[in-house]
Each structure stands twice: as structure tokens, then as C-alpha cells.
Amino acid sequence: QVQLAESGGGSVQPGGSLRLSCVVSGVSYNFDYMGWFRQAPGKEREVVAVIYTHSANTHYGHSVKGRFTISQDNAKNTVDLEMNTLEPEDTGMYYCAAGDPPMGTPFEPLSTRGYKYWGPGTQVTVSS
């Protein structure tokens, strides 16, 4: 079975940095795209960053562009999210997700609807 596991979350002061990691297991191939999403209490889940595994092209949410960097290691089947100059508005549960349209998932990499598998999440809290 496919499993995604996030790590690296924690509590940090504004302006600080964190590096999240996502490990994919249960498959010997790479998904078409991988994404990081976040969700604050009472809010909808929103896209943070997406990377397309074949081309390495990326997409970032407007509020994190220039501060966050998504990267991949296709050989290890891992995806990282480096977060710099963190702000209180970045607080939330961060989820790693894998999209795989050939197996029935719609091609919507910027939406939660485009992902078939999700990790349990890791909490990021930014406060003074």
C-alpha cells in the first residue's frame, strides 16, 4: 500500500526557518506530481507548492513565493519543503500529497481534488 509520511514540523518564531520532508513508500515509481498543502483551523486546505516529477517545474502559492522552496529526489522518492522567513500566517497543518492521473485522479495539481494519496500531516506553528 502507498504511504506518505511528513516530518520536520515544529514551533518557530517569526522570521525563522523549517524544513519539511515527505517520504513516499509502497511504490517503485514516481507520481506525476507532488504537492504540499496546508490547513489552518476553520479554514480550507490550500496549495503551498507543487512539483512536477518529470520536468521539475514548480508552482507556489502567492503568499509563499520567494520564501519557500520545494525540491525532489526521485531516486529516493522524497519531496522536501524549505520554509524561510516564516510568518504567523504560515501556521497550520502541512500535508504532503501525491497525484497520479493515470490511475483515475483528475489532473488538477493546484487543487486537493487532483491528489490520490495524503500523508497524516505535520504541524507548523509560527508565533512570538
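Numbers below:
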read-out: Some residue of the range 114-127 being crowded, with 18+ Cβ neighbours inside 10 Å, at pLDDT 95 or above and of a type in the set (S, T, N, Q); value: yes
read-out: Which numbered condition Glu89 misses (of (1) surrounded by fewer than 21 Cβ atoms within 10 Å (Cβ to Cβ); (2) among the acidic types (Asp, Glu); (3) within 14 Å of the chain's Cα centre (by Cα)); value: (3)
read-out: Matching residues, the range 60-79, being surrounded by fewer than 20 Cβ atoms within 10 Å (Cβ to Cβ) and either farther than 20 Å from Glu44 by Cα or without any contact (Cβ under 8 Å) to a residue 12 or more places away in the chain (or both); value: His62, Lys65, Gly66, Arg67, Thr69, Ser71, Gln72, Asp73, Asn74, Ala75, Lys76, Thr78
read-out: Members of the range 14-32 found to be open to solvent by 60 Å² or more (accessible area, probe 1.4 Å) and either not β-branched (Val, Ile, Thr) or not in a strand (DSSP E or B) (or both), listed by number; value: Pro14, Ser17, Arg19, Ser28, Tyr29
read-out: Filter pass, Ser11 being surrounded by fewer than 13 Cβ atoms within 10 Å (Cβ to Cβ) and assigned to a loop (DSSP other than H, G, I, E, B); value: no
read-out: Residue in the range 93-100 that is modelled with pLDDT of 95 or more and open to solvent by 10 Å² or more (accessible area, probe 1.4 Å) present; value: yes
read-out: Test for Gly42: is it touching a residue at least 40 places away in the same chain (Cβ under 8 Å) and at positive phi; value: no
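The values are calculated or read from the model by the stated rules, or taken from the named source; none is laboratory data. Since we're looking at a predicted model, the values are computed, not measured. A quick note on method: Cβ atoms are made from the backbone with ideal geometry, for glycine too, and the neighbour counts reach across all protein chains shown. SASA here: full protein model, heavy atoms, side chains in, ligands and nucleic acids out. Shrake-Rupley method; radii C 1.70, N 1.55, O 1.52, S 1.80 Å.
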